[in-house]
Amino acid sequence: MSEPRTIKKYPNRRLYDTAISSYITLADVKHLVLEGVDFQVIDAKSHEDLTRSILLQIISEEEEGGRPIFSSQLLAQLIRAYGGNMQSMLTSYLEKSLELWGEQQRAFHERTRELMDHNPMTLMTQIAESNLTMWRQLSGQAADTQARRRTESQTEGAAQNQTQNQTQDHPQNQGQAKDRAERTSSTRTRRTTGARGTHGEGAGSDKGGSNKGGRGG
C-alpha cells in the first residue's frame, strides 16, 4: 500500500502539495477527496496532523454555500452525542452507514445501463432492504442485551414465585401427611384391639374347660 499524499500547511495558511511541488487551495483538496486520493495534511513546523481540521473546513464551506446535508436538528443531535456513552458507537454507525451509502451509489451507477430493461423500483427496493438489514445489525447488540436482561428478570421472578408456592403448599402437605398418619395409627389400634379380644376369649374357653375337667374328676 502506497504512502498517503502529503500536504503541508504553512503559518500563512497556504497549503503545499508535495506530490506536485505546488501550492494548492482548499478547492483542490476537495477535488482530491472526490477522486478518492489518500492524503494527509500536516503542519509544516510541528508536523501535527491537520487532516480533520481541513476536512471540517471543506464541510463548513459546503454547508454554507450549497444545499446543506446537516439540518439544525441533526447538528443538535450530534452535539448531544459528544461525551456520552454511545459516542463511539455513533461514530462506528455513521462510518458504516456512509460506507454502505457509497457502495450503493457505485452499484447504482454501474447498473444504470440495466435500468432500460428493468423496473427502477426494483433497485430502490433492494437498497431499502439493504438499509433495513444494516439497521437491524447495528441495533442487534442493544436489543440482545435488553432481551437477555428481561429473560434473567423473568427467570428470577419465576423462581421466586415457585418458592412462594412451595412455602404456601408446605403446611397443607404436612396436614395431609398428618391425616394419613392418624388414619394408619387408628387402623393399627383397631387391629390390635381385635387381636387382643380374640386372644382373651380363647384363653377363657381353655380355662373353663379345665375347670370342668377338674370337677368331673
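Rule-based calculations on the coordinates, nothing more; no lab input. Keep in mind that this is a model prediction, so the values were computed, not measured. Please note: Cβ atoms are built from the backbone with ideal geometry, for glycine as well, and neighbour counts cover all protein chains shown.
Here's how it looks for Thr6: its modeled amide H is under 5 Å from those of Thr18, Ala19, Gln40, which are all 5 or more places away or on a different chain.
The protection proxy used here, the mean number of other Cβ atoms lying within 10 Å of each residue, ranks peptides 81-88, 54-61 as follows, highest first: 54-61, 81-88.
Is the shape of segment 1-56 best called rounded, prolate or oblate, per the rule: a/c under 1.5 gives rounded, else a/b larger than b/c gives prolate, else oblate, with a ≥ b ≥ c the square roots of the Cα gyration tensor eigenvalues? Verdict is rounded for segment 1-56.
Holding the Cα-Cα limit at 25 Å, pick out from Lys8/Lys96; Lys30/Lys96; Lys9/Lys96 the pairs that are longer than that. Before the final figure, lay out each step's value.
Details: Lys8/Lys96 30 Å; Lys30/Lys96 22 Å; Lys9/Lys96 30 Å.
From the list (Lys8/Lys96; Lys30/Lys96; Lys9/Lys96), the Cα-Cα distance tops 25 Å for Lys8/Lys96; Lys9/Lys96.
Relative contact order of segment 1-67: 29 percent, from C-alpha pairs under 8 Å at least 6 residues apart in sequence. Between Gln162 and Leu132, the C-beta separation translates, for a Förster distance of 45 Å, into a calculated FRET efficiency of about 0.65. The label-point distance for Asp49 and Ala19, in a model that sets each label 7 Å from Cα toward Cβ, rounds to 1.8 nm. Under 15 Å from a label point set 7 Å out along the Cα-to-Cβ vector of Leu26, the amide N atoms of segment 38-57 belong to 51-57.
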